[in-house]
Each structure stands twice: as structure tokens, then as C-alpha cells.
Amino acid sequence: MSKTERESQLLQRRRLRAGRLLQRGVAQAEVARRVSVTRTTVSEWNAQLQAGGLEALKRRPRGRPSGLEQAQRRELMRALKAGALAEGFATDLWTLPRVGHLIERRFGRAYSESQVWRILVSLGFSCQRPSGRALERDEAAIQRWKQTRWPVLKKTLRNKAGSSSSSTSRD
């Protein structure tokens, strides 16, 4: 179970607890204090409770469903793990537009980048930043440059015993 699902279940338990307290006649202000929410929230929950009972306080999925079947989600997961190069991209870096293009090409469904991100999170992926180092990086050449060229370019004080330009100096 994902962190989001656990949090959602905790919120549902809180709503149902508040609903049961309200049904027993506990004042809204006291319910708000006991379940650690605002009085406005308890008032909204009370209206839902009056309209549909405890069932109205149960969790409902938010937003539009992703539209991908379980088999498609598994196929997407395999494709992502195989890498972007295997899907014909120039580098092995997955970006939201690339994943969106992959989904559209494979399953015929177009999604916004935010929805692609939600799909990836639901599959257990998280945001990663590339290390920023080139694969062609030559450590020996970098070390030589640091030892020979950098000291020439680096600014140094020419006359350490020179006069001060400070207005507070005694000289």
C-alpha cells in the first residue's frame, strides 16, 4: 500500500469518527477539537452526513481515473524499466513528455504531463535528477587542467604588503 493510500485511509477514518460523534449529538466545535480539524470542515462533513449518512463520508476516488488497464500498466512498467533507448529515444533519460509519448504510441491515450506524473507515482516512480556528469568525462584530463592551466588563470594578490585603500586605515 502506498503512502498516499495510507493517508487517504487515515483521513477516511477521521471523517467516519467525526460522523459517528455528530450522530451521537456531540457539538461540532467539540468534534473539530477531538478529530483535529477546523469547525468549517466539521460543518461540511455534517452537511454530507445529513444528506447521505455515514456512507457519504466514505472515501471516493478523486479526479479522473487514469484509464489504463492493469495489463497496460504492467506493460508500461516493463517499457520504462527497459529504458528510453529501447523505445527509440536518443538518450536513456525518461522525461514526462517522453513517457506521455510512449503511452500515446502504445495505448492510444494522450495525457497531460501532470496526469503522466500521477500515473508514474501510482506505479511507484519518483522524481530523479541525473547526476549531470558526461559519460565521456575524462578524469585524467580534468586533473591535468586543474594542475597546469587553472593556476595560470586563477587571480592572486600581487603585492600582499601593499597599501590599503580603506578609508579607516592609518596610512
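Given Cα pairs under 8 Å that are at least 6 residues apart, what percent is the relative contact order of the stretch 3-57?
Reported as a whole number, the value is 35 percent.
Give me the lysines in straight-line cross-link reach of residue 3: C-alpha distance below 17 Å, same-chain residues under 8 apart excluded.
The qualifying lysines are none; the list is empty.
Please give, to one decimal in nm, the separation of the simple spin-label points placed at residue 73 and residue 93, each 7 Å out from Cα toward the Cβ.
2.9 nm
Do any trypsin sites (Lys or Arg not before Pro) in the stretch 116-150 lie in a DSSP loop with no more than 12 other beta carbon atoms within 10 Å, and if so, which? All intermediate terms of the calculation are to be shown ahead of the outcome.
Working: sites: 118, 133, 137, 144, 146, 149; in loops: 133, 137.
Here the sparse-neighbourhood loop sites are 133, 137.
Bear in mind that the values in this text are calculations on the coordinates, not laboratory data. None of these values were measured; they are calculated from a predicted model. Every residue, glycine as well, gets a Cβ built from its backbone with ideal geometry; the counts of neighbours run over all protein chains shown.
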